[in-house]
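Engineer: Just passing along the structure, written as structure tokens.
Just so you know, all these numbers are worked out from the coordinates, no wet-lab data involved. Owing to the predicted nature of the structure, the values given are computational and were not obtained by experimental measurement. Note that we place each Cβ from the backbone using ideal geometry, even for glycine, and neighbour counts take in every protein chain shown.
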Amino acid sequence: MNTTPTDITVLPHARGLRLMASASLLVLLAGCAVTDSAPQATAPLPERYQAWFEDGQPRNLEWMHKQTVNKADEAAAAGNPREAIRLLTSLADQGFPQAHYELGKLYDQGEAMARDPARAAEHFARAVRTPSYVRGHAALNLAKLYREGDGVERNDLLAYHLLRLAVEEEVGRDERVMLAELLREGGEGVSANPERAARLYAIEAEKGQEEALRALAEAHAPGGWLDEKPERAMDYAQRYAEALQRRATAGETDAMQRLAGLHAPDGLLGDQPEQRLHWLRQAAEAGDQDALGNAGSAMLDAGETRQGLAMLEEAASNGDVDAMTKLGGFLVDRRPGEARQWLTRAAEQGSTDARVHLGRLLIEGEDPRRGVAQLEEAAAQDHPLALAALGDFYMNDELSPSQPFIAVDYLERAHELGHPWATQQLGEAYLRGRGVTADPQQAEALLRQAADQGQSGALALLGQAYLEGETLPLHPSRGEQLLQAAADAGETSAMTALGEAYLEGPLEPRPERGVQLLQQAAQQGDGYAMVVLGRAYRKGEGGLPRDLDQATQWLTRAREAGHASADDAMTRVNRDLGAQGDIRALIEAAEDGHPGAMADLGRAFLEGQGVQQNREHARTWLTRAANAGHNGARAELGEMLLDSDPERAMTLLRTAADAGNQGARLTLGRAYLEGEHVAADPEQGIAYLRPSAEAGNPYAAQLLGQAYLAGNGVEADPQKAEEWLNRAVESGDLSARANLGRVLLRGENGVPRDGERGRRLLEEAAEQGHPGAMATLGREYIRGENLEQDVRQGADYLLKAAEQGHPSARLALAKAYLAANGLENASREQALMWLDGVMEGDSGMALQTLHELLSDESAAEALKVATAD
């Protein structure tokens, strides 16, 4: 208990010797904040404290009273603090400051009794007021209490004066170090003076004082509070390490722990894992439980998982709460059940960090409500990560409906506490306008701040925003640069976004680089990267070949990874495979509910493509597609039902037409013009057809032309008829070409005759395989009315038309056969059977047979008659 230096004497000249020492110190410090003419105090010392620092008559214990102090020490050591207090109080009442000093230590240390820093401060103050050989010691102890606000209100100004007094008294403890700490940053009523602080530290560093050596090493290191001087910083750090090693060699585990810290990644001697582990092991072997846990943590960080876990488990089993927390946090993704047990134990013993880990584990696992409760308890203590995690929980709607305004409140609190993840999330909130009004400038400032704090996700968000050009201005090159930086930092979302931009835009296509980035992200488990790859191969985008097999492989992996959009993308691939004839893939896509696939499958059953034709199945799938909102299916189902259920058919067709389906508009237009399946309404029919015709649909233009030509539901108008038929021809429609060619060749329905153009249009259509054009040309060559007669060429055209199933051409040839053989009364069926037999044989032989037949004048005349019908 008695820490007063034993070599201090009470001889009258002792005070003078100390004053001489103080004078020497002043010369050495040369303007340092001790007794110089420019003190660092920026405010006057309150009057009630001034008497503490005035010199008065020294009062030291007499020799006979020292025995009483010794007895008090013995009583305290024996666990009898009351006796110690009684003995010391008797001396204090006699005005001996040494007794007050001993009482102050007794109350301050709290070894034999409950600690009472307020009482300690009272006694130290009494010891300071009267000069004695303990005055400096009392001043130093009292300065510590005022610096820390321990038992008294914090008072940097008073602590400053007390520390100056301790320096003047040459206490020989850590008074200069404490004064340097105060001057380094300053305090209330005390201005900072790092240079003077450094000189104080330097005095103690020359004596090998550890804290002074450490402080100077930090001061000259990069980012330190003095000029950066790496060599000097390293020199001080090495001297500090040597001082620690001396204590470590003597078995002091505290020194071993500090040496381990010197070799940590942010340590003064740089990252030296082997040295760090060496000293942590030394401390652990010396019985330091904290060191055992720290060593386990260090080994985990170094990748020595098995031994690290073993040491952490031992430390945790011995009650090390930090080890429980570290162990539980490490096992969260590996053995969640075991992690939960350790974290629960640590949380029950008051670890807020463990409570946060546990809360996040429960939210992602089986008990989100309890997880939120754990986080809220930690948040009530202003734990930044807990606040950030709650912000994340309330901002997203994966586990419950999102509540952005609550989320922002938590995020703002965490941001104010300096948590970079919260700053990133808050920046994203301002970027998306969630829980706050969208503010591009604030979003960018917050995200850049988070990025500067090491949040690569913030770089990715900024990069994506510049590529999107919605909240922030479109700036592809800046977006590319930010995303590349985030990708280099290992941010998988940035790899995916950059890879997607190289394949799908807006960046210049770089398919190889894009695939490389996406594969890298996919290998790290990014499901969306797999979806983008599958989508790119499906569409053949960004320079990639269209490869549905590759698309299937990536989307299957995305499905297995649980990405939400993988199913929809896979359904689209299956639909494409179905279009290529893979009916199983089409069925799978349809069964997955893809409207387009259901419509395709309905068409397949309707037309017998890849499956056996089945109108009932076709109707079922088209109905499902129509109910899912597919307008093409509505149109096709409507056409399918026109004969069996015209009312429902017209409803489906109208719905599809109103949604812009051209097929439905054409069907309705024709129906209203012709009065088929619905009451004739030419005006309505033209209203459906005209927009399509004007947009270039040849069939709509042809229907309009035919309507105006024949006066079908509208007043006949040859000029309009020719105009619309011409527009149909210009759109490349063969039927329109054949139709207009016939009208111009014959000059029908008031359209001026143009034989040359009519013949040319018919021949062009015939050459492209239009059977109607062939039949018309055949008739015209045989008749010789509008074209120069050529019965043989006419027969050739009729045979070609008949081969394609043209009914009038077939019938004309059949009638010619009957007439040539004097069988005018034979049945039509017999004639057609003959014709089928001829056409099923060799085409050359068929033509020869017909030519021989037509060499008979009666047969040729019969053919003319037959084609006149």
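Engineer: Over region 461-558, what is the mean sequence separation of C-alpha contacts under 8 Å (at least six apart), divided by residue count, expressed as relative contact order in percent?
Structural biologist: Normalised by residue count, the contact order of region 461-558 is 18 percent.
Engineer: Okay, moving on. What number, rounded to the nearest 500 deg cm²/dmol, is the helix-based mean residue ellipticity at 222 nm of the chain, given -39500 (n - 2.57) per DSSP H run of at least four residues and division by all its residues?
Structural biologist: Calculated at 222 nm, the ellipticity per residue is -22000 deg cm²/dmol.
Engineer: Select from region 751-806 those trypsin sites (Lys or Arg not before Pro) which occupy a DSSP coil region and have at most 15 other Cβ atoms within 10 Å, ordered by residue number.
Structural biologist: Hits after loop and neighbour filter: ARG753.
Engineer: For SER493, SER191, SER402, SER132, what ranking results if the residue with the fewest other Cβ atoms within 10 Å of its Cβ goes first?
Structural biologist: By the 10 Å Cβ count, ascending, the order reads SER191, SER402, SER493, SER132.
Engineer: What is the order of ARG810, ARG634, ARG232, ARG584, fewest Cβ neighbours within 10 Å to most?
Structural biologist: ARG584, ARG232, ARG810, ARG634
Engineer: What is the spin-label model distance, in nm, from ALA380 to ALA561 if the labels are put 7 Å beyond Cα along the C-beta direction?
Structural biologist: Reported label-point gap for ALA380 and ALA561 is 4.1 nm.
Engineer: Can you give the relative contact order of region 565-624 as a percent, counting alpha carbon pairs under 8 Å and 6+ residues apart?
Structural biologist: Contact order relative to length: 24 percent.
Engineer: Follow-up question, since we're still on this one. Long-range amide H contacts for VAL190: which residues qualify at under 5 Å (H placed 1.01 Å from N, peptide plane, sequence gap of 5 or more or a different chain)?
Structural biologist: For VAL190, the qualifying residues are THR42.
Engineer: Report the local net charge at ASP658: Lys and Arg +1, Asp and Glu -1, summed over other residues whose C-beta lies under 12 Å from its C-beta.
Structural biologist: Result for the neighbourhood of ASP658: +3.
Engineer: Can you pull out the trypsin sites (Lys or Arg not before Pro) in region 130-206 whose DSSP state is coil and whose Cβ has at most 14 other Cβ atoms within 10 Å?
Structural biologist: Counting only loop positions with at most 14 other Cβ atoms within 10 Å, the trypsin sites (Lys or Arg not before Pro) in region 130-206 are ARG154.
Engineer: Kindly express, to the nearest 10 degrees and within the range 0 to 90, the angle between helix 718-730's C-alpha long axis and the longest C-alpha principal axis of the chain.
Structural biologist: Orientation of helix 718-730: about 60 degrees from the principal axis.
Engineer: Say R0 is 25 Å: what FRET efficiency, to the nearest 0.05, do MET113 and ASP93 get from their beta-carbon distance?
Structural biologist: The formula returns an efficiency of 0.80 here.
Engineer: Quote the FRET efficiency, to the nearest 0.05, computed for GLU767 versus GLN523 with a Förster distance R0 of 51 Å and r equal to the Cβ-Cβ distance.
Structural biologist: About 0.30, to the nearest 0.05.
Engineer: Using the alpha-carbon centroid of each, what span in Å lies between region 335-354 and region 462-534?
Structural biologist: After rounding, the separation between the Cα centres reads 38 Å.
Engineer: Given +1 on the Cβ of Lys and Arg, -1 on the Cβ of Asp and Glu, and no further charges, what dipole in debye does region 461-558 carry about its Cα centre, rounded to the nearest 20?
Structural biologist: About 200 debye.
Engineer: Can you compute the modelled spin-label distance between ALA78 and ALA710, with each label point 7 Å from Cα toward Cβ, in nm?
Structural biologist: 13.3
Engineer: Continuing with this model, one more query. How far, in degrees from 0 to 90, does helix 97-109 lean away from the longest principal axis of the Cα atoms of the chain, to the nearest 10?
Structural biologist: Computed tilt is about 30 degrees.
Engineer: Which number gives the lysine pairs in the chain that have C-alpha atoms under 25 Å apart and are eight or more places apart or on different chains?
Structural biologist: The number of close lysine pairs in the chain is 8.
Engineer: Within a 10 angstrom radius of the beta carbon, how do PHE124, PHE53, PHE405 rank from fewest other beta carbons to most?
Structural biologist: Ranked by crowding around the Cβ, least crowded first: PHE405, PHE53, PHE124.
Engineer: Here's another thing I want to ask about it. List the GluC sites (Glu not before Pro) in region 325-387 that DSSP assigns to loop (not H, G, I, E or B) and whose Cβ has at most 11 other Cβ atoms within 10 Å. Which are they?
Structural biologist: Filter output for region 325-387: GLU366.
Engineer: What does the net charge come to around ALA561 if you take all other residues with beta carbon closer than 14 Å to its beta carbon, with K and R at +1 and D and E at -1?
Structural biologist: -1
Engineer: How much net charge surrounds ARG232 when only other residues with a Cβ under 15 Å from its Cβ are counted (Lys, Arg +1; Asp, Glu -1)?
Structural biologist: -3
Engineer: Here's something else I'd like to know. In degrees, nearest 10, range 0 to 90: what is the angle between the Cα axis of helix 305-317 and the longest Cα principal axis of the chain?
Structural biologist: Between the helix axis and the principal axis of the chain, the angle is about 50 degrees.
Engineer: Gap in Å between the Cα centre of region 579-600 and the Cα centre of region 708-776?
Structural biologist: Cα centroid to Cα centroid, the span is 41 Å.
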